[in-house]
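Colleague: Quick one: the structure is below, questions incoming.
The values are calculated or read from the model by the stated rules, or taken from the named source; none is laboratory data. Everything numeric here is computed off the predicted structure, so don't read it as measured data. Cβ placement follows ideal geometry from the backbone for every residue including glycine, while neighbour counts extend to all protein chains displayed.
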Amino acid sequence: MVIAIDGPAGSGKSTIAEMLAQNLELDGGGRFIYINSGNLYRALTLACLKDGVDIQNEEAVVSLAQSVNLDYKNGAVFLNGKNVDALLRSDEIDNAVSRVSANVPVRRIVNDIIRRIAKNNNVVVEGRDMTTVVFPDARARFYLDASADARARRRFDQGVSELNIEKIRSSIEERDRLDRDKPEGSLKIADGVTYIDTSYLTIKQVYEKLEQIIRLKG
């Protein structure tokens, strides 16, 4: 079974997807694998920054994406065999990842990785185009949303950014614009998805809503 969740940065989809993978169990004891698609793009962005690859040079970014070993194991991203999860949430990566993920050949590389991981597995996967491009026929599809103000506050409260809340909000709005204007895999609400605004909901409330719907879908 595939559970696909889309939405903008800071909408809570990563937290909810991970909780679902940890807590849900299929009849017969089957477990779910959690896949954060955004972290795969962040890992590629990290590789570009470390290797001095200009993210504006699309061919150079594609060449790098084809040459690195990118994988997902136990909920963590591995770049060339190294767990890089702890390195993926810097302001520098935040400001560059949308450019990398807008690269169409790179998107296809990452989407193939995601589909390979999901093959013959039960997965909870989240990102920007999971419900529209990667798994349009997923059994359960959701779009989590929240206001820019709510998302900026969440990012600020995480304490991982050196920016003030106003600059975080501006960065989020710019990232939203880039995500919605991508030539392929743009952020949009697909037909038939369950839309949930999380701006004024707790994590527990959002989780309970999704769990109830998923169980109704079997």
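Colleague: For region 1-71, give me every one of the helices (runs of 4 or more DSSP H) that falls completely inside it and has 3 or more residues that are under 19 Å from the mean Cα position of the chain (by Cα).
Modeller: In region 1-71, the matching helices (runs of 4 or more DSSP H) lie at 13-23, 37-51.
Colleague: Can you pull out every residue in region 20-39 that is crowded, with 16+ Cβ neighbours inside 10 Å and in contact with an Asp or Glu (Cβ under 9 Å, 6 or more places away or on another chain)?
Modeller: LEU20, LEU24, PHE32, TYR34, ILE35, ASN36, SER37, GLY38, ASN39
Colleague: Among the listed residues GLY81, GLY75, GLY52, identify the single one that is at positive phi and in contact (Cβ under 8 Å) with a residue 40 or more places away in the chain.
Modeller: None of the others qualify; the one that does is GLY75.
Colleague: Please tell me if ALA118 is within 24 Å of VAL62 (Cβ to Cβ) and either of a type in the set (A, V, I, L, M) or over 18 Å from the mean Cα position of the chain (by Cα) (or both).
Modeller: Yes, satisfied.
Colleague: While we're on this one: Output the residue which, of all residues in region 10-54 that are of a type in the set (Gly, Ala, Ser) and out of contact with any strand residue (DSSP E or B) (no Cβ under 7 Å at 6 or more places or on another chain), is modelled with the highest pLDDT.
Modeller: GLY52
Colleague: Kindly check whether there is at least one residue in region 75-83 that is modelled with pLDDT of 95 or more and of a type in the set (S, T, N, Q).
Modeller: Looking through region 75-83, at least one residue is modelled with pLDDT of 95 or more and of a type in the set (S, T, N, Q).
Colleague: Is it the case that some residue within region 54-70 is charged (D, E, K, R), surrounded by fewer than 16 Cβ atoms within 10 Å (Cβ to Cβ) and farther than 22 Å from THR131 by Cβ?
Modeller: Within region 54-70, one or more residues are charged (D, E, K, R), surrounded by fewer than 16 Cβ atoms within 10 Å (Cβ to Cβ) and farther than 22 Å from THR131 by Cβ.
Colleague: Quick check on my filter: what residues within region 159-218 are over 18 Å from ARG139 (Cα atoms) and in contact with a Phe, Trp or Tyr (Cβ under 6 Å, 6 or more places away or on another chain)? It would help to see each step written out before you state the result.
Modeller: Pass one, region 159-218, residues over 18 Å from ARG139 (Cα atoms): 159-188, 197-206.
Matches in region 159-218: ILE165, ILE168.
Colleague: Let me ask another. Does region 125-144 contain at least one residue that is among the hydroxyl-bearing types (Ser, Thr, Tyr), out of contact with any helix residue (DSSP H, G or I) (no Cβ under 8 Å at 6 or more places or on another chain) and under 25 Å from ILE3 (Cβ atoms)?
Modeller: There is at least one residue in region 125-144 that is among the hydroxyl-bearing types (Ser, Thr, Tyr), out of contact with any helix residue (DSSP H, G or I) (no Cβ under 8 Å at 6 or more places or on another chain) and under 25 Å from ILE3 (Cβ atoms).
Colleague: Between a residue in region 134-145 that is aromatic (Phe, Trp, Tyr) and any residue that is part of a loop (DSSP other than H, G, I, E, B), which pairs come within a Cβ distance under 7 Å, given they are 6 or more apart or on different chains?
Modeller: From residues that are aromatic (Phe, Trp, Tyr), the pairs are PHE142/VAL193; TYR143/GLY7; TYR143/ILE189; TYR143/VAL193.
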